Amino acid sequence: MENKKEMRKWLEDFNLDHPLVIAGPCSAETEDQVLKIAHELKDSKVSVFRAGIWKPRTRPGGFEGVGEIGLKWLQKAKAETGLLMGTEVATAAHCKLALEHDIDVLWVGARTTANPFAVQEIADTLKGTDKIVLVKNPVNPDLALWLGGVERLHMAGIEKLGVIHRGFSTYEKTKYRNIPEWQIAIELQNKFPDLPLIIDPSHITGDRKMIFEVTQEALDLNYDGMIIETHYDPDNAWSDAAQQVTPDALKQIIKDLTIRKTDDTTDEYSSKMTKLRANIDVLDANLLELLGKRMKVADEIGQVKKDANVAILQNNRWNEILGKMILEGEKKGLTEEFVLKMFKAIHQESIGHQEKVLNA
């Protein structure tokens, strides 16, 4: 699959002067609920109404969606509001039913994207469709797997494609429900700059208080749109209550978002950026120089451990370093998340160096 300008055509056909907005409840619960929310979003910047019809649950016993009956509610909402309708599909059967009910936008969920066999079945079922088909990132941070899902759909002759960044699962406790791992989405953008990229702040944050913050960060990175879970009574929603916002809150979020220019061609801007980027280049070179020196010390430590027949990993020492660096990082304006990632990477490289010494 090659990047082509035509990838953006379906998005450009909306003729929007703002990022694409997809919104609606996490789950379709009742016909009245679907219609009420759709009507509240009708006269807003929302272009596509979303509602989960089938809900994959991590553990049995949870609400798994109303099923096919909910598609009829979406059809009615479309007829009454004129909004396009969208939902998640996970199986070939879901796809067939969605097509039968003229759903406009389909997306492959994170759990499904992680299963190439399931994605291929979906691609085969949707072969040649003119519907918009979006692919959420897989639950694990694997760009090749994410793009593989898109490629399977592309090979099935589906032209209206895009991707949804909904964050990645982690065993670590962070402020996010699913950590963004922005660098993975940025790498995807670099490979396919014309493939529409949509942020899902609801699943990244798991917290309605953080929706604006993450959406703005995505727009600052040139994302093309957002998919935000919206419910008139979020606290009593049947699924994912904490991450849903009210229609009024959604409208305020959209209003408060700042849309950035992709570039500035003025001489003043270019001059300032040239100087600052030159400064960054020097600092980056210094960072690599320091890291190189640090690894030479790690080599020496490895030799001392080898001579004394001591194991490489020293947990007490590692935890001591990590705690100290987090505190020092805060003083310098660095987030705990960044410091953790950076020093874990440094630690892993250090272990690699010591292993080479011990096994030489």
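The values are calculated or read from the model by the stated rules, or taken from the named source; none is laboratory data. Quantities reported herein were computed from a predicted structural model and do not represent experimental measurements. Heads up, the Cβs are rebuilt from the backbone with ideal geometry, glycines too, and the neighbour counts pull from every protein chain shown. In case anyone asks, the SASA skips ligands and DNA or RNA and just uses the protein heavy atoms, side chains included. Shrake-Rupley method; radii C 1.70, N 1.55, O 1.52, S 1.80 Å.
Go through I312, I346 for me and flag whichever is surrounded by 14 or more Cβ atoms within 10 Å (Cβ to Cβ), under 16 Å from V297 (Cβ atoms), under 31 Å from the mean Cα position of the chain (by Cα) and in contact (Cβ under 8 Å) with a residue 12 or more places away in the chain.
Matching residue, one of I312, I346: I346.
Looking at segment 32-47, I want the residues that are in contact (Cβ under 8 Å) with a residue 24 or more places away in the chain and have a partner that is basic (K, R) with Cβ atoms under 7 Å, at least 6 apart or on another chain. Which pairs are those?
Cβ pairs passing all conditions: L35/K76; S44/K251.
Keeping to segment 230-255, report how many residues are of a type in the set (D, E, K, R) and touching a strand residue (DSSP E or B) at 6+ places or on another chain (Cβ under 7 Å).
1
Could you tell me whether any residue of segment 49-65 is more than 26 Å from the chain's Cα centre (by Cα), β-branched (V, I, T) and open to solvent by 10 Å² or more (accessible area, probe 1.4 Å)?
Scanning segment 49-65 turns up no residue that is more than 26 Å from the chain's Cα centre (by Cα), β-branched (V, I, T) and open to solvent by 10 Å² or more (accessible area, probe 1.4 Å).
Would you point out the residue of segment 24-48, among those that are over 19 Å from K160 (Cα atoms) and part of a strand (DSSP E or B), that is nearest to the chain's Cα centre (by Cα)?
G24
Mind checking whether some residue in segment 229-244 is surrounded by 15 or more Cβ atoms within 10 Å (Cβ to Cβ), in a strand (DSSP E or B) and touching a residue at least 40 places away in the same chain (Cβ under 8 Å)?
The answer is yes, given that some residue of segment 229-244 is surrounded by 15 or more Cβ atoms within 10 Å (Cβ to Cβ), in a strand (DSSP E or B) and touching a residue at least 40 places away in the same chain (Cβ under 8 Å).
Count, please, the residues in segment 261-289 that happen to be polar (S, T, N, Q) and either part of a helix (DSSP H, G or I) or touching a strand residue (DSSP E or B) at 6+ places or on another chain (Cβ under 7 Å) (or both). So that I can check it myself, show each step before the final result.
Filtering segment 261-289 down to residues polar (S, T, N, Q) leaves 262, 265-266, 270-271, 274, 279, 286.
Keeping just the survivors that are either part of a helix (DSSP H, G or I) or touching a strand residue (DSSP E or B) at 6+ places or on another chain (Cβ under 7 Å) (or both) gives 270-271, 274, 279, 286.
Qualifying residue count for the region: 5.
Could you list all residues from segment 217-228 that are open to solvent by less than 20 Å² (accessible area, probe 1.4 Å) and out of contact with any strand residue (DSSP E or B) (no Cβ under 7 Å at 6 or more places or on another chain)?
L219
Return the residues of segment 53-74 that are in contact (Cβ under 8 Å) with a residue 40 or more places away in the chain, in a loop (DSSP other than H, G, I, E, B) and over 18 Å from T112 (Cβ atoms); say none if nothing qualifies.
F63
Being assigned by the TED database to the domain that holds V105 and either within 30 Å of N190 (Cα to Cα) or within 31 Å of the chain's Cα centre (by Cα) (or both) is true for just one of A241, A285, A278. Which residue is that?
Numbers: A285 fails: assigned by the TED database to the domain that holds V105; A278 fails: assigned by the TED database to the domain that holds V105.
None of the others qualify; the one that does is A241.
Inside segment 78-107, can you point out the residues that are within 21 Å of V119 (Cβ to Cβ), of a type in the set (A, V, I, L, M) and open to solvent by 20 Å² or more (accessible area, probe 1.4 Å)?
Matches in segment 78-107: A90, A92, A93, L97, L99.
Tell me yes or no: at least one residue of segment 335-351 is over 24 Å from Q183 (Cβ atoms), part of a helix (DSSP H, G or I) and modelled with pLDDT of 95 or more. Step through it out loud before you land on a result.
Narrowing segment 335-351 to residues over 24 Å from Q183 (Cβ atoms): none.
Taking every residue of segment 335-351 in turn, none turns out to be over 24 Å from Q183 (Cβ atoms), part of a helix (DSSP H, G or I) and modelled with pLDDT of 95 or more.
Here's a check for you: in segment 245-260, which residue that is outside any helix (DSSP H, G or I) and open to solvent by 80 Å² or more (accessible area, probe 1.4 Å) is nearest to D200 (Cα to Cα)?
Residues of segment 245-260 that are outside any helix (DSSP H, G or I), as a first pass: 245-246, 257-260.
Among the residues that remain, those that are also open to solvent by 80 Å² or more (accessible area, probe 1.4 Å) are: 259-260.
Values: I259: 17, R260: 19 Å.
Only one residue fits best here, namely I259.
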